[in-house]
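Here is the structure we will look at.
The values are calculated or read from the model by the stated rules, or taken from the named source; none is laboratory data. From a predicted model like this one, the values you see are computed outputs, not experimental measurements. Note: ideal-geometry Cβ built from the backbone for every residue, glycine included; neighbour counts use all protein chains shown.
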């Protein structure tokens, strides 16, 4: 499978770096990454596996990540609704009236906004590493590092992001420190402004859907959650699945919070089953 292309979508002085796999005539699948996560956090081999099964896969750098537009430190000036609108603009730029949307962590929150406020634009929704935010859910076990004093330091950024990922995935037996450091080094070296990547997304305005909640989602829905998620224990994903009418729930054995500790087939097999079923219902 060959990447079709990498392109830049431009609007309102914002540029988003977008990468596509597969054939554009196939049903589209839009992948939305988590907080401070570039498109690389959707591993290329996962994108290729989905595309080789007959889907057109789109991953992209959100604002302040990778090669997309960076904002002044501490002043991102955007909200989760703006990030949801970015996803729709990417679809518009590709001439896509609708798409299957897969979100991870913060990306699940963005996908939820799309599913609730723009259900006509979604063929299905998949939420990975999501939470309802309810106070009675169990707390995570990960201990997050303090921000480095020098956000511009490559070495400090790599060390910080490694410890941050350990806080997300450290319970997983698949957490490989050497492999994770190599991946994070690649991600840091690719970023236009790693200081903005680290500091700006947590400072954005977090907004809720305008036209309902998870209980109003009326499109085919799949919730997936890592068994060893150190941020949101499995109960968080189970709670999300209970709220969404007719949602399926899949636990990813041995996985932490990110896809980097997920066995590829454990993720792609139920995802592809869900996507194909949603296509048959259209």
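General remarks:
- The number of residues in region 47-65 that are surrounded by fewer than 24 Cβ atoms within 10 Å (Cβ to Cβ), in a loop (DSSP other than H, G, I, E, B) and touching a strand residue (DSSP E or B) at 6+ places or on another chain (Cβ under 6 Å) comes to 0.
- Residue within region 127-146 that is assigned to a strand (DSSP E or B) and either crowded, with 23+ Cβ neighbours inside 10 Å or in contact with a helix residue (DSSP H, G or I) (Cβ under 9 Å, 6 or more places away or on another chain) (or both) present: yes
- When region 9-43 is filtered for residues that are free of Cβ contacts under 8 Å to residues at least 24 places away in the same chain and outside any loop (DSSP other than H, G, I, E, B), only 10 remains.
- Some residue of region 203-213 being assigned to a helix (DSSP H, G or I), closer than 29 Å to residue 73 by Cα and modelled with pLDDT of 95 or more: yes
- Considering residues of region 95-108 that are surrounded by fewer than 23 Cβ atoms within 10 Å (Cβ to Cβ) and in contact with a strand residue (DSSP E or B) (Cβ under 7 Å, 6 or more places away or on another chain) only, the residue farthest from residue 23 (Cα to Cα): 98
- The C-beta contact set for region 50-71 (first residue on the phi > 0 side of the Ramachandran plot, second residue surrounded by fewer than 21 Cβ atoms within 10 Å (Cβ to Cβ), distance under 7 angstrom, 6+ apart or interchain) comprises 54/26; 64/70; 64/71; 64/76; 66/190.
- Scope region 167-192; condition crowded, with 19+ Cβ neighbours inside 10 Å, out of contact with any helix residue (DSSP H, G or I) (no Cβ under 8 Å at 6 or more places or on another chain) and within 24 Å of residue 60 (Cβ to Cβ); matching residues: 168
- Region 242-260, subset under 17 Å from residue 107 (Cβ atoms) and in a helix (DSSP H, G or I), residue farthest from the chain's Cα centre (by Cα): 260
- For region 147-190, a residue qualifies if it is over 19 Å from residue 257 (Cα atoms), assigned to a helix (DSSP H, G or I) and free of Cβ contacts under 8 Å to residues at least 12 places away in the same chain, and the qualifying residues are 155, 156.
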